[in-house]
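Here, each number is a calculation from the coordinates, and none is a lab measurement. In this text, all values refer to a predicted model and were calculated from it rather than measured experimentally. Cβ sites come from the backbone with ideal geometry, for glycine too, and all protein chains shown count toward neighbours.
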Amino acid sequence: MIRIGICDDEPIFRQQIYDYIREYLDAGECDIVLFAKGEEILSYQYRVDLLFLDIELGKENGIDILKALVDLDYIWRVVFVTAHKEFMPVAFSVKTIGFLEKPVTYGNIIKYIKQVENSIHHSEVVQCNDGQHTFFIRQCDILYVHAAGNYCEICTHNKEIMVDGNLKEWERKMNDFNVMRVHKSYLVNLDYIKDFSGCDIMMINNIKLPVGRHYKKDAKEQYFNYLKNKL
């Protein structure tokens, strides 16, 4: 079941988005959580797959809320809702997948829900072996892969796992996913890059990874194209 959050300080707009979602998904398919304040999101402790976030929340600022959300793994994707287009460039982040102008329409709300549904339901899994057990990991849960000799360390949202196989094998496994090689020892998931300075990359979990000299040009170009396609 997908969980969707709606954060707007005006009840009429919360209700409008709620009604559109319920028209598309019934209670058995989707759990909807309503927030009137940004602080309510920050204190919420459960997974939210998609959050519709108003930029202007009374005295609060949705952009400031987003900055705090970047480090929270349980909020996965964010769509900003605003009456002011000028806020859009500064509201972009690793979790932002789109912007909606008020008044919102049914078609635009459902477009982003389908996008997140597709990411969840069609995320490929990769088979892993840690030397004792065989198991599966969803590719969308992998932040980065670190080479460690003939093994690799897989970093997910909440743990690191040492698995068989070298980095070239993992690069082939994840070839069709949003990943790029940034160093002879690192393969990163583009969805979880927090900042890319050129010399290193800050991941969403605040781990800084090096960018190899021979990979820098291609990595910059690939990341730029990735960001451009998200807008």
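Using only the alpha carbons of segment 147-205, determine the length spanned along each of the three principal axes and report them from longest to shortest in whole angstroms.
30, 23, 21
Kirkwood Rh, segment 125-230, all Cα pairs: how many Å?
In segment 125-230 this quantity evaluates to 13.9 Å.
What list of ³J(HN,Hα) values in whole Hz, one per residue of segment 151-167 in order, does the Karplus curve 6.51 cos²θ - 1.76 cosθ + 1.60 (θ = phi - 60°) give from phi, with Gly and Pro shown as x?
Running phi through 6.51 cos²θ - 1.76 cosθ + 1.60 with θ = phi - 60° gives 10, 9, 9, 9, 9, 10, 4, 10, 6, 10, 10, 8, 10, 5, x, 8, 5 Hz.
Can you give the helix-only mean residue ellipticity at 222 nm for the chain, where every DSSP H stretch with n ≥ 4 adds -39500 (n - 2.57) and the sum goes over all residues, rounded to the nearest 500 deg cm²/dmol?
-8500 deg cm²/dmol
Of Arg181, Arg213, Arg77, which has the largest mean-square fluctuation in a 10 Å C-alpha GNM of the chain?
Checking each option, the largest mean-square fluctuation is seen for Arg213.
Treating the chain as a set of equal point scatterers at the Cα positions, no solvent, please give the Debye-formula log₁₀ I(q)/I(0) at q = 0.09, 0.14, 0.18 Å⁻¹.
Rounded to two decimals, the profile gives -0.41, -0.93, -1.32.
From largest to smallest, what semi-axes in whole angstrom does segment 2-121 give when each is the square root of 5 times an eigenvalue of its alpha carbon gyration tensor?
19, 16, 14
Amide H of Val211: which non-local residues (sequence gap of 5 or more, or other chain) have their own amide H closer than 5 Å, using H built in the peptide plane?
Asp200, Ile201
Of Thr156, Thr82, Thr105, which has the largest mean-square fluctuation in a 10 Å C-alpha GNM of the chain?
Maximum fluctuation in the GNM of the chain, among the listed residues, is at Thr105.
Would you tally the net charge around Asn108, using a Cβ to Cβ cut-off of less than 12 Å, leaving Asn108 out, and scoring K and R as +1, D and E as -1?
+2
Hey, in the GNM for the chain with a 10 angstrom Cα cutoff, which one of Asp141, Asp26, Asp64 fluctuates hardest?
It is Asp26.
Could you tell me which residue out of Phe224, Cys155, Asn61 lies farthest along the dipole of the chain toward its positive end? Charges go on the beta carbon: Lys and Arg +1, Asp and Glu -1, centred on the Cα centre.
Phe224
Would you calculate the separation in nanometres between label points at Met202 and Lys168, each defined as 7 Å from the Cα along the Cα-to-beta-carbon direction?
3.5 nm
Please compute the contact order of segment 138-222 in relative form: average sequence separation of alpha-carbon pairs under 8 Å and at least six residues apart, divided by the residue count, as a percent.
22 percent
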